Amino acid sequence: MKKYTIWLKTAAIFQFISAIVHAISLFVSPPPNNDTEKQLFTLMDTYQFDFGAGFHRTMNELVLVLSSCLCLLCLLGGLLNWYLLRKKVDPEIMKGVITINLVVFAILFGLTIVFAFWVPIIQIGLIVLFLIFARFSIPKNGQLLSNNF
């Protein structure tokens, strides 16, 4: 009966780990390995796109915002799951919350597979895996769990 809480705690822990790892990557830049990469890095830092209405952004500014969104999404998911577990919410409500988590992180996983590299693919894949385990191990009778958190 308490199995789903273990899987959901594990998913939340991996959401926190992914948020922290991705937050660290926001502040660390790899050095360019050759002249072409150096030129690319310079352009990403200096060339500003005109998006109209007075908005001029570099590619690095856009990447920073999008990368921050991934970090914040993982943090939000982890905090929400952890909070609901602490409050010992009814399994029927948890089923809905886990399903929403699963849909969002499964879409993210698909996008990560197509556009990212191994570290985020593995991190998001593990989150999805543990959310699947949590979703399918929720008790069907809806009885409240006595979870000693």
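The values are calculated or read from the model by the stated rules, or taken from the named source; none is laboratory data. Keep in mind that what you see is a predicted model, and the values were worked out from it rather than measured. We place every Cβ from the backbone using ideal geometry, glycine too, and count neighbours over all the protein chains shown. Side chains are part of the model used for accessible areas, which takes the heavy atoms of the whole protein and leaves out ligands, DNA and RNA. Shrake-Rupley method; radii C 1.70, N 1.55, O 1.52, S 1.80 Å.
The residues on offer are Val97, Val114, Val89, and the sole one that is in a loop (DSSP other than H, G, I, E, B) and more than 15 Å from the chain's Cα centre (by Cα) is Val89.
Considering region 1-36, and only residues there that are in a loop (DSSP other than H, G, I, E, B) and among the polar types (S, T, N, Q), the residue that is most open to solvent (accessible area, probe 1.4 Å) turns out to be Asn33. Annotation: of all residues in region 3-56 being charged (D, E, K, R) and in contact (Cβ under 8 Å) with a residue 60 or more places away in the chain, the one that is nearest to Leu70 (Cα to Cα) is Lys9. Just so you know, in region 117-149 the residues that are of a type in the set (A, V, I, L, M, F, W, C), open to solvent by less than 70 Å² (accessible area, probe 1.4 Å) and not in a helix (DSSP H, G or I) include one that is modelled with the lowest pLDDT, and it is Leu145.
Pairs linking a residue in region 108-122 that is touching a residue at least 24 places away in the same chain (Cβ under 8 Å) to a residue that is open to solvent by 90 Å² or more (accessible area, probe 1.4 Å) and not in a helix (DSSP H, G or I), with Cβ atoms under 6 Å and 6 or more positions apart or on different chains, do not occur.
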